[in-house]
Amino acid sequence: MALLIAATARGQQFAAHAREVAPDLDVRVAPDLGNPAEIDTALVWLPPRGLLASLPNLKLIVSVGAGVDAILADPTLPNVPLTRFVDPDLTGRMAEYITLQVLTHHRRMTEYRMLQTERTWKYIPEAAAHEVRVGIMGLGVLGSASAKALRALGYQVRAWSRSPKQQEGVVSFAGDDQLDAFLAETDILAVILPLTDDTRGLLNRALFRKLSLTGRTPLLPGPVLINAGRGGLQLDSDILAALDAGELYAASLDVFQTEPLPAGSPFWSHPRVVVTPHNAAESAPAAIARYAIRQMRRLNEGQALENVVDRGRGY
Ligand code: NAP
Ligand code: GLV
């Protein structure tokens, strides 16, 4: 019984923490598999295609991330349970990121940063939080925690998900039929959706044009996009065109169609775009290792696994 860790740059860190939590466990880090037949659990982030299929006795795949699109994209993926990472460490970091980016644009920080470089002392009128409508796409574990944090600051919060939700202080919209109504009442769009066949390319110019059509506060110059879900949800060129056309006022992007973001991308130097390197919620290695060991123990003790991915839905 061995745990294989295949997680690019942080593999050795995960392994060190796993050995601390379970000193007797045989922990291996790819590409040093040893005898593949001894591996029953794999903890993975962007595993090379075919790697998991090469483990004949694999019983469980634990995703380092909450999003599993890259794992599901492997056509050779073995048909064993796949669990995704759900943990207060990750959830707290995402709620911080979404709150930070909402505040950044609501409080016009990209403009103040520019004024600072010019040494210009200028007051920009700002809306009150209760006048700003934040629309969250994806009211799952991360969207729900972000909604709670934003409500605590007084924002109006709407959310769009596949199925209707009941969360205190959050107006719920669900399904394709209610998407336009949700967008029409959204000033700041915060996206925390998984990447699936249904959501790929959703963040395009046609969608941006539907934002904030009714009752927008005049103190926000235009709609704002925050994407902390996956780069495949968005069309980078449509975001740039919408910014140029004034259909979007600003954006915070943690994820991109190509990562790392190429040096030549116009996003890097756009005055009202905040770029972060897919680290909205980069969890602590200790939390990830603990989680993987817990799932492994549950498997071996015959207990139900946590946060098992529904392969049919894709998340
Ligand atoms: P989750 O709990 O599974 O929630 C996903 C939400 O998206 C659910 O509310 C779901 O609706 C909704 N959804 C899925 N497909 C939809 C569709 N076609 N139309 C409308 N709503 C849809 O996932 P999570 O843990 O919150 O994570 C969400 C995503 O965040 C991950 O998949 C990952 O891509 C991303 N993420 C990014 C970072 C980062 O650092 N940038 C870190 C962690 C995660 P239902 O509730 O109705 O099913
Ligand atoms: C990070 O992107 C994750 O899916 O956890």
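The values are calculated or read from the model by the stated rules, or taken from the named source; none is laboratory data. The structure displayed is predicted, hence computed values, not measured ones. Positions of Cβ are backbone-derived with ideal geometry, glycine not excepted, and every protein chain shown enters the neighbour counts. Ligands, DNA and RNA are excluded from the accessible area calculation, which covers all protein heavy atoms including side chains. Shrake-Rupley method; radii C 1.70, N 1.55, O 1.52, S 1.80 Å.
Note on the chain: antiparallel DSSP beta bridges, both residues inside, total approximately 5 percent of the bridges counted. Under a 5 Å amide H cut-off, with hydrogens placed 1.01 Å from N, I136 pairs with R158, A159, W160, A190 among residues at least 5 apart or on other chains. Anisotropy class assigned to segment 91-275 is oblate, per the alpha carbon gyration tensor with a/c at or over the 1.5 cut-off and a/b no larger than b/c.
Our summary gives the chain a relative contact order of 18 percent, counting only alpha carbon pairs under 8 angstrom and 6 or more residues apart.
Highest average first, the peptides 74-82, 257-265, 126-134, 185-193 ordered by how many other beta carbon atoms sit within 10 Å of their residues are 185-193, 126-134, 74-82, 257-265.
If you plug the beta carbon distance of R313 and A263 into 1/(1 + (r/R0)^6) with R0 = 30 Å, you get a FRET efficiency near 0.25. Across q = 0.15, 0.16, 0.18, 0.19 Å⁻¹, segment 1-139 modelled as identical point scatterers on its alpha-carbon atoms has Debye log10 I(q)/I(0) values of -0.79, -0.85, -0.99, -1.07, in the order of the q list. Less than 5 angstrom separates the built amide H of A7 from those of A30, W45, all sequence-distant by 5 or more or on a different chain. Using every pair of separate Cα atoms, the Kirkwood estimate puts the hydrodynamic radius of segment 27-106 at 14.4 angstrom.
Here the accessible area of the chain is 53 percent carbon and sulfur, with a 1.4 angstrom probe and all protein chains present. With Cα atoms as the point set, the radius of gyration and Dmax of segment 274-315 evaluate to 14.4, 46 Å. Here L115 and A9 are evaluated by their C-beta separation; at R0 = 45 Å the FRET efficiency comes out at 0.75. Label-to-label distance for A286 and Q303 is 2.1 nm, based on points extended 7 Å past Cα in the beta-carbon direction.
Taking the DSSP bridge list for segment 91-275 and keeping only pairs wholly inside it, about 5 percent are antiparallel. For H270, H106, H278, the ranking by accessible surface with the largest value first comes to H278, H270, H106, using a 1.4 Å probe. Compared with the direct C-alpha span, the chain from R107 to Y123 gains 4.6 nm at full extension, assuming 0.36 nm per residue. Surface analysis of segment 172-315 yields an accessible area of 43 Å² per residue, using protein heavy atoms and a 1.4 Å probe. Measuring nothing but how far apart in sequence close Cα pairs (under 8 Å, 6+ apart) lie, relative to its length, segment 91-275 scores a relative contact order of 19 percent.
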